[in-house]
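Colleague: Please see the structure below; I have some questions.
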Amino acid sequence: MVNQFAQIILASKSPRRQELLRLMNIDFRVVLKEVDESYPQGLTPAEVAVYIAEKKAAAFTESLAGNEIVLTADTIVCIDNQILGKPEDGEHAFEMLSLLSGRKHEVITGVALRNNHSRQSFYDVSEVYFRNMSSNELWYYINTCKPFDKAGAYGIQEWIGLTGIEKINGSYTNVMGLPTHVLYDKLLEMNWLKVAG
C-alpha cells in the first residue's frame, strides 16, 4: 500500500506526467498557472531545466495549504549543448529531428517539489541514440503525431520512439518527462510517502 502524507499538486498539463504518477499509485490533482519560462543566459542545460522547474513551483508560494506539495517539472532536449525547445511548425520539427537523426542527444528533466516549509530540486539525464532516419520517416512521424508540444519535436512513447531509437542510457521515464525513480526516492526522503507491504 502506498501511504501518502501530503496532497500533491501537479502543475503540468502533460498527459505523460499525469500517466506516470497514476502508475506510481500517487494521488494528485492538476493545477495550472501561467509562468514565463525564460531563463538567464550562461546556464548549463541542466541548470536551465531546474531553473524553469523552480520558477514554476515559485508561482504557488502564496497558495499552498499546509498539507499540499506542488510538483513541477521541465524537460529539455540537448545536442552539442544546444537546447531544442518545442517546434513552431512542421518545418521546424523536421529541422530538429534531422539534427537528432543518427546521433546521440541528452534529455534532461528538472523537477521541483515545494511546500510551505521546504523545497527540493533535482534533475536527471538520459542519453538517447537515434538511428539514421529518412526524410520520409521524419515527415511521416510529424504528419501523423504532430509533436508540436514536445521538446525536441518527439515523444519517446510514440511511433518514432518505437522505430527510431536504438538505445537509451538512463531512465526511460525521464525521457517521457518525469524521472520517476528519483522522484520516488525524494518523496520517501522527505517523509511525504511511505510504502507498506
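Colleague: If I take every Cα pair under 8 Å that is 6 or more residues apart in the stretch 2-192, average their sequence separation and divide by the length, what percent do I get for the relative contact order?
Modeller: Relative contact order comes out at 22 percent.
Colleague: Summing +1 for each Lys or Arg and -1 for each Asp or Glu, what net charge is found among the other residues whose Cβ lies under 11 Å from the Cβ of ILE52?
Modeller: Neighbour charge sum, excluding ILE52 itself: -3.
Colleague: Hey, another quick one. Among THR109, THR173, THR61, which comes first, second and so on when ranked by fewest other beta-carbon atoms within 10 Å?
Modeller: Fewest-to-most Cβ neighbours within 10 Å comes out as THR61, THR173, THR109.
Colleague: For the chain, find the longest principal axis of its Cα atoms and tell me its angle to the long axis of helix 45-58, 0 to 90°, nearest 10.
Modeller: For 45-58 against the chain, the angle is about 40 degrees.
Colleague: Roughly how many Å is it from the Cα centre of the stretch 23-58 to that of the stretch 142-197, as a whole number?
Modeller: Value for the Cα centre distance between the two parts: 15 Å.
Colleague: Can you match Cα extents along the principal axes in Å to one of these, (i) 52, 41, 26; (ii) 51, 37, 31; (iii) 71, 38, 31, based on a calculation from the structure here?
Modeller: The listed entry that was calculated here is (i).
Colleague: While we're here: So which chymotrypsin sites (Phe, Trp or Tyr not before Pro) in the stretch 67-165 pass both tests, a DSSP loop state and at most 16 other Cβ atoms within 10 Å of the Cβ?
Modeller: When the chymotrypsin sites (Phe, Trp or Tyr not before Pro) of the stretch 67-165 are filtered for loop state and at most 16 Cβ neighbours within 10 Å, PHE148 remain.
Colleague: Rounded, prolate or oblate: which fits the stretch 89-197 when a ≥ b ≥ c are the square roots of the eigenvalues of the alpha-carbon gyration tensor, with rounded for a/c under 1.5 and prolate only if a/b beats b/c?
Modeller: Note, shape of the stretch 89-197 comes out prolate.
Colleague: Do any chymotrypsin sites (Phe, Trp or Tyr not before Pro) in the stretch 1-54 lie in a loop, going by DSSP, with at most 15 other beta-carbon atoms within 10 Å of their beta carbon, and if so which?
Modeller: PHE5
Colleague: Just how many % of Cα pairs in the stretch 1-113 lie over 23 Å apart, if you round to the nearest whole percent?
Modeller: 40 percent
Colleague: Which GluC sites (Glu not before Pro) does the stretch 48-109 hold that lie in a coil by DSSP with at most 11 other beta carbons within 10 Å?
Modeller: Within the stretch 48-109, the qualifying GluC sites (Glu not before Pro) (loop, at most 11 other Cβ atoms within 10 Å) are GLU62, GLU88.
Colleague: Same structure, new question: How much length is gained on full extension from LEU43 to LYS167, taking 0.36 nm per residue of separation minus their Cα-Cα distance?
Modeller: 41.9 nm
Colleague: Please report the orientation-averaged projected area of the stretch 90-145, defined via the convex hull of its C-alpha atoms, in nm².
Modeller: The directionally averaged projection comes out at 5.3 nm².
Quick note: the coordinates plus some simple rules give every number you see, no bench work behind them. Computed from a predicted model, the values in this text were never measured in an experiment. Neighbour counts are summed over all protein chains in view; Cβ atoms, including those assigned to glycine, are modelled from backbone coordinates with ideal geometry.
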